Structures are given as C-alpha cells and as structure tokens.
Amino acid sequence: MTVAPLIEARGVSVRYGPRTVLAPTDLAIAAGATTVIVGPNGAGKTTLMRVLTGELAPSSGSVRFGGADIATLSAAALARRRAVLPQATRLSFPFTVHEVVRLGCPAGRDDPTRIAALLERVDLAGFGDRYYQQLSGGEQQRVQLARVLAQLDIGRDGAGKGAARRALFLDEPTSSLDIRHQIAVLEIARTYAAAGWAVLAILHDLNMAAMFADRILVVDRGRIVADGSPSAVITAELVSRVFGVHADIGARDGIPYVLPPRPVRLSGCRV
C-alpha cells in the first residue's frame, strides 16, 4: 500500500520582484523520516522551509499538509500540526527560561513538571528560574528547542495518537552548539521521526547531515539539485560543484564523511 506524503509541494516558487529565489519545485515529505536540507549560503534553504511550514506564501504553486491546502489552514490549526525552530529568536523582555518554554505550551499543558521534563531533555535541568538573556547562545538555542517541543509534545518521545500527522521543522538547530549538544539535539529530532513525525532540518555540517539524515536535499541557487540517501548524494563531484570545495569522501559503516582539503599556508602572512 502506498502511503501519501504528509507534506507535498506542487510547483512552488518564490520571487522577490524580478529575482527568483526559489525556482518551481515539486517535493514530497514523508512522515517517519528525517530529511535534511543542505546547500551554500543564500541557496534558498530557509525560503523553501518557510514555504513548507506555511509561513511564506509561494509566488506560484501550492503546499498540502495532510491532504489539506496549507493556505486554507488557520494559524491555530497549523500550530497543532507543526512546530518550527527558526534560525534565531530574539527576546526583548527579561523572561525566565521557564516562561520561555511555557510560551510554547498549549492551553492546559503548561504545568511546571512538564516544563521541567522538557528542559531536562535538552540538558538544561535546573535552569527554569534563570533569565534567558543571561544564558550563552547555545543555551538559548536549547531553550528555544524545548519551547518548540512543548508545542506539539505527545509524551516524552513524541509518540502517541496523532503523532504521524505532525511535523518538526528545524532551521540550523546546531549553529550555536558544541559537538556534544549538536549530537544530542539531532538525536532528539531522530527520536521524533522514529515515533512517526516528519522531521525536516537545515544543516550546514555535511558530516552531521550524513550521520542523522534518512534523506538529503541539496539546494543550490534556488533549485533542488540532488535528492536521496546520504551515500547517494554526498559525493566528491557534488561537493565540488555545489560548494566549490575539492574534498575527499570516505565512508564508515555505509555513512559517508567529508574530509576537506588541508588549509593553504600563505607565506609571509602574520596574524
């Protein structure tokens, strides 16, 4: 039996005036898998994600979520079906960590015990009373992840009735994190995919993408130029063509990894 994709884009494009930032694109995202978008800076990755989440109306084409045209869904209906972690979130008021996470909780699901459990999941146990602005960038990023998980959380591992009709979108979720927390955050994402969620993340680290993705989409100049498993997508030819880097590609347990070239030592330079 063929399972319909949870999210489906049909001919979506985005133009800002005469400039096309996302060429007409067809894309289907299945539940129960982790899809990672990679590509150079300015390639259109975030634009594609914003169209798929319903935050940005496409210039042409349509997006369907669970069979419904996303343009017909109210903000409240979307909030019950998908959660989005943006690249950066700025807060102007002195919220505590507990209060920030509480912002993501649905009505009636904001009890302190649940919030404390979410903070423990992102390795911030005991941080509830601290002020958000006093945290490091990486700690703030993990607070925001806890807030996003609070929005759609169904039990500790994301499992439960309706889980397979939900989606988690993460735009550069590891950008401010050390290596331990990068792995921890992506493990959390993969746990939700295993529970039946559709997980879509934007990453810059190709090695992290290869480790955690079931599927990789490569975006370049507003187009999806490669789509497939990590081993099929991450090749020396693609890295050279898309990123302009002549790298060696190895593999361990069937998972590819990228070895960048040695840095060129410039003679006569002083730092």
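The values are calculated or read from the model by the stated rules, or taken from the named source; none is laboratory data. Bear in mind the structure is a predicted one, so any value in this text is a computation, not a measurement. Here the Cβ positions follow ideal geometry from the backbone for every residue, glycine too, while neighbour counts run over all protein chains shown.
Points worth noting:
- Residue in region 83-96 that is touching a residue at least 24 places away in the same chain (Cβ under 8 Å), out of contact with any Gly (no Cβ under 8 Å at 6 or more places or on another chain), surrounded by 13 or more Cβ atoms within 10 Å (Cβ to Cβ) and more than 23 Å from ILE183 (Cα to Cα) present: yes
- When region 150-184 is filtered for residues that are under 21 Å from GLY104 (Cα atoms), modelled with pLDDT of 95 or more and in contact with an Asp or Glu (Cβ under 9 Å, 6 or more places away or on another chain), only ALA184 remains.
- Among residues that are of a type in the set (Gly, Ala, Ser), closer than 23 Å to VAL143 by Cα and surrounded by 14 or more Cβ atoms within 10 Å (Cβ to Cβ), ALA76 is not included.
- Qualifying residues in region 135-150 (those that are assigned to a helix (DSSP H, G or I) and either of a type outside the set (A, V, I, L, M) or without any contact (Cβ under 8 Å) to a residue 40 or more places away in the chain (or both)) - the one farthest from LEU168 (Cα to Cα): GLY137
- Residues of region 82-102 satisfying the condition of being within 25 Å of MET49 (Cα to Cα) and outside any helix (DSSP H, G or I): ARG82, ALA83, VAL84, LEU85, PRO86, GLN87, ALA88, THR89, ARG90, LEU91
- Of all residues in region 192-237, exactly one satisfies the criterion of being modelled with pLDDT under 95 and more than 16 Å from LEU170 (Cβ to Cβ), namely GLY196.
- For ARG15, the requirement of being under 25 Å from ALA213 (Cα atoms), at pLDDT 90 or above, in contact with a strand residue (DSSP E or B) (Cβ under 9 Å, 6 or more places away or on another chain) and not hydrophobic (A, V, I, L, M, F, W, C) is not met.
- If you check ARG102, ARG90 for being of a type in the set (Lys, Arg) and over 30 Å from GLY222 (Cβ atoms), only one passes: ARG102.
- Filter result for ALA57 (outside any strand (DSSP E or B), more than 24 Å from ILE188 (Cα to Cα) and touching a strand residue (DSSP E or B) at 6+ places or on another chain (Cβ under 8 Å)): no
- Any hit, region 20-38, residues being surrounded by 17 or more Cβ atoms within 10 Å (Cβ to Cβ) and in a helix (DSSP H, G or I): no
- When residues of region 103-134 are limited to those that are in a loop (DSSP other than H, G, I, E, B) and of a type in the set (A, V, I, L, M), the one surrounded by the most Cβ atoms within 10 Å (Cβ to Cβ): VAL122
- Check on LEU48, closer than 30 Å to ARG142 by Cβ and assigned to a loop (DSSP other than H, G, I, E, B): no
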